[in-house]
Structure formats: structure tokens, C-alpha cells
Ligand code: SF4
């Protein structure tokens, strides 16, 4: 399938008075049209910075980012209208992403009138509410009259309102009660299927990705450590960091337990962003660390078909 989004050598460094934070450091990614791509990592891994660059909220320090072959390293306020229509985002916290003074009708009619001026109103708003399983009477409610899950469904309806191709989902369920998370995921999956949408699903929740993503990439301190198709990622991961995170996911059935990698214990803490270690950034925590890991950063290479990993343990096994 064709790549809808291509990222090459992407870097985003932030200069602070105490030094430089390498939030994203030489990231290469290709997102295929129609796929659900899981971008996973702990807090501080750089995954949300990647999302912000895709949306034009940050400009890259260097590197390329192309959408359908067009350079999109353009700040959001200078982006052409077609680009704003095609790429949308759903943020983690709907309470802060929806204007509390506006009704659902007002929230949705602005992007519709800008990007689809011929779409009839209010019918199009009712259709959007139906798509996200919200009742029509919600049209004249304010966000404060809605529950957390309902607010997030309005945010999803707003993202859909421009008829986008690519939606960045930045931790879309992490701020919600567990009781509504499943419903939101089911609606997102239904919409992706019905409209052939491409999702970049950003999360720290690896077990969630095992159920929804086609491919998964894992980030650690600004770098991609492993990328694979979802099934391969969850049953045959290579990188010690991936194995460490997978081995700590709670499972319910014996079958799931058998598929889990053996427990890998980390030997240290995540280094501070201002003081990244030399060589492989995971080496202070890695139980398999070798001398070479402390001086050389391993490249991300294809270890088996379509399965990339950045680790010295696999450098000679291609
Ligand atoms: Fe561990 Fe070395 Fe692989 Fe880094 S390169 S994950 S330190 S074995």
C-alpha cells in the first residue's frame, strides 16, 4: 500500500537554559494509507512531539515530513486549507480541547462551514452525532453538560467533520474512565473501517495496541527502537525494551501468559532528557548491555521481513 505520510531523519530539539532536549532524534517512519499505526512509548519518549510536528504545532529542527508527497513542515497558521481539511487530531483531554462557551452545534458548524461549505446544516451535524453514537438532542448542549466520554465523542465528531484522510489520536482514551474507554475504541474502529481512515494512534498503553493496531512502533528517549506488524510485535519482539514492557502487561488467560516474553527486569531508571547516555540510550537499563552499547548507537535495521529493530544484539543477524 502507498505511504500517506513519510518522515525521514526527523529531529526536534528544544534549547533550554540548562541545555538541549532532543525530544525527537532522527526518526524515520512511513505510514500506509488506511492503516492503524500504533506509536507507543513511555512519557518523555517523544511520541507526542511527533504528533505535534505532524499537526504543524511544532516545526522540525531538521528532517523531512511529507503528506501525500507534499512537504508539511509548515506551521498550522500557514498551512493551506486542503491540508487542514485532510489531517485532523483528537487530543487526550476533551475538556480542554472543546470551547466551554460553545454548544455542540457551534463547535461542529465552524469546521463544516470552512471545509465543506456546501454541506447542509444542521443535517450534517446530526449525521456526525449519529456516527459517534450521540443522541440528536446533544446538539444544543455545552461541553460542561456532557460526561468525559461524551465530550471525547464530540471531539471525534469535530475531527470527522472536515472528512479527513488521516487522524492523529493522541492518547484519546487515557483521561477517561475505564468504563467508557472500550466504547470510544469501538466507535473509533467502526469509523476507521467505514471511511477507510488512516490512524496514527499514540499511546503508552501497549496492551490496547495489541487489539487495534496493524503495525506498532516503540519510541524511547526520542528514537524508534522497534517497528513491526502488530502480530509479530506482540508474539516475537526483538528489542529488550519492548520485551521489558510486554513482560509487564497483565494478562488474563493462560494462552496470553504463554505468549508473553520472559520477565525482563530493568536495571535502572529512565535517564533525564538533558543528559542522554552515549551509545544506545537504553543501555543504563538494559540487562543485556555489552561494551559496544555504551559507545555506539545501533541503527534501526530490518532484522526480519518488515520487522525493524535498533539493538546491537541483532546487528549481525540480518
Ligand atoms: Fe541493550 Fe545493547 Fe541492545 Fe541497547 S543495544 S538494547 S543496551 S543490548
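So for region 3-236: antiparallel DSSP bridges make up what percent, rounded to the nearest 5?
55 percent
Can you give me the Cα centroid spacing of region 11-52 and region 137-156 in angstrom?
Measuring centre to centre over Cα atoms gives 30 Å.
According to the square roots a ≥ b ≥ c of the eigenvalues of the Cα gyration tensor, what is the shape class of the chain, taking rounded for a/c under 1.5, prolate for a/b larger than b/c otherwise, and oblate for the remainder?
In terms of gyration-tensor shape, prolate.
If each of residue 13 and residue 205 carries a label point 7 Å out from its Cα toward its Cβ, how far apart are those two points in nm?
3.6 nm
Quick one: angle between helix 104-115 and the longest Cα principal axis of the chain, in degrees between 0 and 90, rounded to 10, please.
Orientation of helix 104-115: about 80 degrees from the principal axis.
Length gain on complete extension for the stretch residue 295 to residue 74, per 0.36 nm per residue less the alpha carbon to alpha carbon distance?
76.0 nm
Measuring from centroid to centroid over Cα atoms, what is the spacing of region 69-108 and region 192-240 in Å?
What the calculation gives is 24 Å, centre to centre.
Of 134, 246, 160, which has the largest mean-square fluctuation in a 10 Å C-alpha GNM of the chain?
Answer for the Gaussian network model of the chain: 134.
Based solely on its DSSP helices, what 222 nm [θ] is calculated for the chain when runs of n ≥ 4 H residues each add -39,500 (n - 2.57) and the sum is averaged over all residues, nearest 500 deg cm²/dmol? Present the calculation step by step, with values, prior to reporting the outcome.
Values: 11 runs with 97 residues, N = 318.
Result for the chain, helices only: -8500 deg cm²/dmol.
Can you tell which of 173, 235, 48 shows the greatest fluctuation in a Gaussian network model of the chain with Cα springs below 10 Å?
Among 173, 235, 48, the largest GNM mean-square fluctuation belongs to 235.
Specify the angular offset, from 0 to 90 degrees and rounded to the nearest 10, of the alpha carbon long axis of helix 178-195 from the longest principal axis of the alpha carbons in the chain.
For helix 178-195, the angle is close to 80 degrees.
How do 244, 189 line up, fewest other C-beta atoms within 10 Å first? Write out the running numbers ahead of the final one.
Numbers: 244 19, 189 14.
By the 10 Å Cβ count, ascending, the order reads 189, 244.
If I build a Gaussian network model for the chain, linking alpha-carbon pairs within less than 10 angstrom, which residue out of 273, 157, 51 has the largest mean-square fluctuation?
Of the options given, 273 has the highest mean-square fluctuation.
Which distance in nm do the two modelled labels at residue 186 and residue 137 give, with both placed 7 Å along the Cα-to-Cβ direction?
Roughly 2.2 nm, to one decimal.
Could I have the simple spin-label model distance between residue 3 and residue 105, label points 7 Å from Cα toward Cβ, reported in nm to one decimal?
Computed distance between label sites residue 3 and residue 105 equals 4.6 nm.
Let me know the shape class of region 19-148, please: from the alpha-carbon gyration tensor, a ≥ b ≥ c as square roots of the eigenvalues, rounded when a/c is under 1.5, otherwise prolate if a/b is greater than b/c, or oblate.
Note, shape of region 19-148 comes out prolate.
Read-outs throughout are calculated quantities, based only on the coordinates presented, and are distinct from any laboratory measurement. What you see is a predicted model; the values in this text were computed from it and never measured. Heads up, the Cβs are rebuilt from the backbone with ideal geometry, glycines too, and the neighbour counts pull from every protein chain shown.
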